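Colleague: I'd like to ask some things about the structure below.
The values are calculated or read from the model by the stated rules, or taken from the named source; none is laboratory data. Computed from a predicted structure; not experimentally measured. As a convention, Cβ positions derive from the backbone with ideal geometry for all residues, glycine included, and neighbour counts pool all protein chains shown. Protein only, heavy atoms only, side chains kept; ligands, DNA and RNA dropped before computing areas. Shrake-Rupley method; radii C 1.70, N 1.55, O 1.52, S 1.80 Å.
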Amino acid sequence: FNKLLSRVTSSLVELGKAIKGLVVMSAELDSMYSSMLKNQVPGLWTKVSYPSLKPLASWMKDLNERVTFMRKWLVSGSPPG
């Protein structure tokens with residue numbers, strides 16, 4: 001998940017800068033912005049993500065739950081079983 005989280009973070013920072021007019025909005029960022037408006041997972045993220053057909057809002061919730069699970073697993077150890 002490290003690569004995915006890094007891509008999500010960096011692209012959101014760049015998109016924020018582009019919206020404020022601090023950097024030029026590239027075609028990649030424009031496509032990302034359009035995808036977000038349509039509640040779709042941006043192509044920038046799907047290239048490094050796990051397969052999913054969920055819309056953006058559900059996908060973000062799922063990603064958060066997956067990262068939380070993995071973090072808990074790393075800190076507390078694997079679940080008994």
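Colleague: Classify region 1-47 from the C-alpha gyration tensor, please: rounded if a/c falls under 1.5, else prolate or oblate depending on whether a/b exceeds b/c.
Modeller: In terms of gyration-tensor shape, oblate.
Colleague: May I pose another question? Can you list the aspartates and glutamates whose alpha carbon is less than 17 Å from that of LYS54, not counting same-chain residues fewer than 8 positions off?
Modeller: Within the straight-line limit of under 17 Å, LYS54 reaches these aspartates and glutamates: ASP62, GLU65.
Colleague: Leaving out ligands, DNA and RNA, and with a 1.4 Å probe, what % of the accessible surface on the chain is carbon or sulfur?
Modeller: 59
Colleague: Could you check which residue among SER26, SER58, SER11 shows the biggest mean-square fluctuation in a GNM of the chain with a 10 Å Cα cutoff?
Modeller: The residue that fluctuates most here is SER26.
Colleague: To continue, here is another question. For Cα extents along the principal axes in Å, one of [x] 51, 25, 17; [y] 43, 29, 21; [z] 49, 19, 14 was computed from the structure I shared and the rest are decoys. Which label?
Modeller: Checked against the structure: label [x].
Colleague: Can you tell me the FRET efficiency between TRP73 and LEU12 if r is taken as the Cβ-Cβ distance and R0 is 25 Å, rounded to the nearest 0.05?
Modeller: Working from the Cβ atoms, E equals 0.45.
Colleague: Starting from the 7 Å offset along Cα-to-Cβ, what nm value, one decimal, do you get for the label separation of ALA27 and ASN39?
Modeller: Those two pseudo-labels are separated by 2.9 nm.
Colleague: Okay, moving on. What 222 nm value per residue comes from the helices of the chain, counting each DSSP H run with n ≥ 4 as -39,500 (n - 2.57) and dividing by all residues, nearest 500 deg cm²/dmol? Walk me through the numbers before you get to the answer.
Modeller: Numbers: 4 runs with 55 residues, N = 81.
Theoretical 222 nm ellipticity from helices: -22000 deg cm²/dmol.
Colleague: Right, something else. Given a 1.4 Å probe, how much area per residue of the chain is accessible, in Å²?
Modeller: For the chain, the per-residue accessible area is 73 Å².
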